[in-house]
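What follows is a single structure, written as structure tokens, with notes after it.
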């Protein structure tokens with residue numbers, strides 16, 4: 001069977017779904033995306049930025065599916081304080097669930113994918129299909145054999161594999177393992193897939209792996225019982241935890257090349273660690289108190305600053321290495337995506353705001369007494385980089401053309417204020433405050449609109465929703481007229497039906513060019529909250545935290561008219577901002593002025 005014909009067959013058996021119906025399981029080193037038919041359609045192995053072994057999400061080969069034989073309707077949920085996903089299917093005669101997880105904590109060189117089928121009411125029969133295809137679908141399973149213990153072993157490309165729990169599976173002419181499994185009433189059936197760059201080693205015991213995974217997640221994710229949204233806070237933290245390599249970087253998203261807007265070429269590879277995004281995550285965690293995730297973020301960011309100084313790149317691999325240049329892949333793509341790109345050109349940009357965000361992160365860690373000697377050194381490196389480069393045109397938060405972006409300057413002012421407040425020396429404190437005053441004065445001269453609000457840049461007179469965040473973080477006081485004027489301008493020009501867009505797209509209407517940015521909706525929550533508009537803030541928070549599907553995952557953009565997610569999934573900085581909001585919008589203070 002030809003590769004083209006085989007790919008078409010995969011699409012017919014497991015057609016793409018809208019993004020809101022996909023769930024993620026992750027272990028810090030990699031993640032797998034699971035659809036409503038029990039099909040795992042995306043996973044890179046052995047780590048985040050390696051080639052995919054399941055590529056069906058982008059129209060390629062490679063899928064691992066467990067699907068009821070009978071007709072069914074789908075639902076599911078995450079187990080509390082974890083990324084353990086439970087698919088739930090109600091068939092014409094019974095109910096069946098499939099528990100899904102990557103064994104946690106993960107191993108950098110070995111993937112352990114756990115799946116447990118549970119017959120909730122009556123006996124149930126399910127179809128199972130395994131098609132590991134390394135190299136984004138190019139490498140089929142080879143050297144497959146069934147050992148004396150009923151376990152399949154073989155290879156896909158350079159990866160060794162072992163599959164337990166399906167001794168009756170048949171290897172078809174196309175190299176795919178297929179079987180049907182019957183689970184008795186009240187019973188369960190375990191399937192374990194292991195993939196690694198070396199020999200599989202000792203087989204995994206499913207019961208031990210499940211117990212260890214569940215317990216490890218409970219230890220990793222706080223309860224957040226004092227927040228307005230404990231369950232969503234838990235899940236946001238679990239997502240950030242799952243996307244973060246232990247003592248390393250956090251991928252901006254688990255996927256690549258999912259289109260933000262159909263047929264417009266806006267589909268990128270986000271399987272890398274963006275400095276800004278991970279700072280947002282660390283600041284969000286710090287809003288609730290000290291946490292290992294904060295420590296790991298600070299460790300990773302400190303190393304990048306000390307290694308690269310003012311030549312800091314906007315993004316790195318999760319191991320702290322340079323991101324490869326873009327390379328086009330021959331995959332059909334998710335519907336609406338024009339091209340499939342591996343790698344990211346962002347490393348050729350300079351983004352000034354990253355240094356301001358780094359100062360805010362390091363200051364947050366210092367307030368919790370979590371900053372070591374290297375961290376204090378990194379703080380000075382970031383302040384020096386701002387001093388050297390703040391007048392320089394750069395790409396800014398939205399990674400656009402090089403200009404004198406207002407948000408970048410105000411982010412640096414916020415960072416300098418935060419760092420000065422925790423600095424151990426009067427000299428450093430005074431120096432940082434003097435630099436912040438100089439930047440703020442020049443930014444006011446160049447970027448303050450005649451109507452009193454912060455405009456995007458000297459060349460762009462419209463507002464930007466991101467400009468609401470620096471005052472929240474301490475760039476200006478809440479009663480500063482520039483802060484209030486910017487909030488009111490964003491409210492009038494960029495808000496539709498409870499959602500917030502980034503900036504005007506004249507002459508076209510909001511929503512015609514791109515979706516609402518969920519990050520901006522949560523920033524609006526914080527802006528209104530700190531203005532004392534507590535009830536408005538809660539409405540923003542509730543509206544935007546509902547912009548997800550049944551698994552509760554958020555992408556970067558939200559199509560307000562169609563109520564659909566757009567872009568790569570899950571987008572880490574959206575979950576981070578939700579978590580930060582939950583740290584401030586507390587149940588005891590939800591009433592207030594309007």
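The values are calculated or read from the model by the stated rules, or taken from the named source; none is laboratory data. It should be emphasised that the depicted structure is a prediction, and the values quoted were computed from it without experimental measurement. Cβ coordinates were reconstructed from backbone atoms using ideal geometry, including for glycine residues, and neighbour counts include every protein chain displayed.
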Filter result for residue 491 (surrounded by fewer than 24 Cβ atoms within 10 Å (Cβ to Cβ) and either in contact with a helix residue (DSSP H, G or I) (Cβ under 6 Å, 6 or more places away or on another chain) or outside any loop (DSSP other than H, G, I, E, B) (or both)): yes
Extreme residue, surrounded by the most Cβ atoms within 10 Å (Cβ to Cβ), among residues of the stretch 397-411 that are over 12 Å from residue 357 (Cβ atoms) and touching a helix residue (DSSP H, G or I) at 6+ places or on another chain (Cβ under 7 Å): 409
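Any residue in the stretch 260-273 that is in the same structural domain as residue 307 (by TED's automatic domain parsing) and part of a strand (DSSP E or B)?
Yes - at least one qualifying residue is present in the stretch 260-273.
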Selected residue (criterion: surrounded by the most Cβ atoms within 10 Å (Cβ to Cβ)) from residues of the stretch 455-465 that are in contact with a strand residue (DSSP E or B) (Cβ under 9 Å, 6 or more places away or on another chain) and under 19 Å from residue 402 (Cβ atoms): 464
Filter result (over 9 Å from residue 413 (Cβ atoms) and touching a helix residue (DSSP H, G or I) at 6+ places or on another chain (Cβ under 7 Å)) within the stretch 436-450: 447, 448
Single condition residue 162 does not satisfy, out of (1) surrounded by 15 or more Cβ atoms within 10 Å (Cβ to Cβ); (2) part of a strand (DSSP E or B); (3) touching a residue at least 60 places away in the same chain (Cβ under 8 Å): (3)
Scan of the stretch 307-334 for residues that are in contact (Cβ under 8 Å) with a residue 24 or more places away in the chain, more than 22 Å from residue 53 (Cβ to Cβ) and out of contact with any strand residue (DSSP E or B) (no Cβ under 6 Å at 6 or more places or on another chain), ordered by number: 309, 310, 312, 313, 314, 320, 322
The stretch 40-71, residues that are part of a loop (DSSP other than H, G, I, E, B) and touching a helix residue (DSSP H, G or I) at 6+ places or on another chain (Cβ under 8 Å): 45, 51, 55, 59, 60, 61, 62
Residues satisfying the stated conditions in the stretch 96-106, i.e. buried (at least 17 other Cβ atoms within 10 Å of the Cβ) and either touching a helix residue (DSSP H, G or I) at 6+ places or on another chain (Cβ under 7 Å) or touching a residue at least 24 places away in the same chain (Cβ under 8 Å) (or both): 96, 98, 99, 100, 101, 102, 103, 104, 106
Residue that is farthest from residue 478 (Cα to Cα) [pool: residues in the stretch 512-557 that are in a helix (DSSP H, G or I) and in contact (Cβ under 8 Å) with a residue 60 or more places away in the chain]: 545
Those residues of the stretch 558-577 which are within 9 Å of the chain's Cα centre (by Cα) and either surrounded by fewer than 24 Cβ atoms within 10 Å (Cβ to Cβ) or assigned to a loop (DSSP other than H, G, I, E, B) (or both), in sequence order: 568, 569, 570, 571
Unique match (being touching a residue at least 40 places away in the same chain (Cβ under 8 Å) and surrounded by 15 or more Cβ atoms within 10 Å (Cβ to Cβ)) among 436, 420, 414: 414
Looking only at the stretch 209-227, and only at residues there that are surrounded by fewer than 16 Cβ atoms within 10 Å (Cβ to Cβ) and more than 19 Å from residue 106 (Cα to Cα), the one that is nearest to the chain's Cα centre (by Cα): 223
Pick from the stretch 107-156, criterion part of a loop (DSSP other than H, G, I, E, B) and under 28 Å from the mean Cα position of the chain (by Cα), ranking: surrounded by the fewest Cβ atoms within 10 Å (Cβ to Cβ): 109
Qualifying residue in the stretch 6-23 (condition: surrounded by 24 or more Cβ atoms within 10 Å (Cβ to Cβ), assigned to a strand (DSSP E or B), touching a strand residue (DSSP E or B) at 6+ places or on another chain (Cβ under 9 Å) and modelled with pLDDT of 75 or more): yes
Unique match (being in contact (Cβ under 8 Å) with a residue 12 or more places away in the chain, surrounded by 21 or more Cβ atoms within 10 Å (Cβ to Cβ) and assigned by TED's automatic domain parsing to the domain that holds residue 562) among 303, 284: 284
The stretch 501-511, subset crowded, with 21+ Cβ neighbours inside 10 Å and free of Cβ contacts under 8 Å to residues at least 40 places away in the same chain, residue nearest to residue 276 (Cα to Cα): 501
Residues of the stretch 423-433 that turn out to be touching a residue at least 40 places away in the same chain (Cβ under 8 Å) and surrounded by fewer than 20 Cβ atoms within 10 Å (Cβ to Cβ), as a count: 3
Flag for residue 578 being in contact with a strand residue (DSSP E or B) (Cβ under 7 Å, 6 or more places away or on another chain) and modelled with pLDDT of 95 or more: no
Boolean, residue 501 is within 26 Å of residue 543 (Cβ to Cβ) and more than 30 Å from the chain's Cα centre (by Cα): no
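Residue under question is residue 458, and the condition is that it be in the same structural domain as residue 385 (by TED's automatic domain parsing) and more than 21 Å from residue 525 (Cα to Cα); does it hold?
So residue 458 fits the description; yes.
What number of residues within the stretch 208-229 satisfy the criterion of being in contact (Cβ under 8 Å) with a residue 12 or more places away in the chain, out of contact with any helix residue (DSSP H, G or I) (no Cβ under 6 Å at 6 or more places or on another chain) and outside any loop (DSSP other than H, G, I, E, B)?
8
Residue under question is residue 147, and the condition is that it be outside the structural domain of residue 327 (by TED's automatic domain parsing), touching a strand residue (DSSP E or B) at 6+ places or on another chain (Cβ under 9 Å) and touching a residue at least 60 places away in the same chain (Cβ under 8 Å); does it hold?
Numbers: outside the structural domain of residue 327 (by TED's automatic domain parsing): yes; touching a strand residue (DSSP E or B) at 6+ places or on another chain (Cβ under 9 Å): yes; touching a residue at least 60 places away in the same chain (Cβ under 8 Å): no.
Spelling it out, it is not the case that residue 147 is outside the structural domain of residue 327 (by TED's automatic domain parsing), touching a strand residue (DSSP E or B) at 6+ places or on another chain (Cβ under 9 Å) and touching a residue at least 60 places away in the same chain (Cβ under 8 Å).
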Positions within the stretch 54-79 being within 22 Å of residue 169 (Cα to Cα) and touching a strand residue (DSSP E or B) at 6+ places or on another chain (Cβ under 6 Å), in sequence order: 54, 56, 62, 63, 64, 65, 66, 67, 68, 69, 70
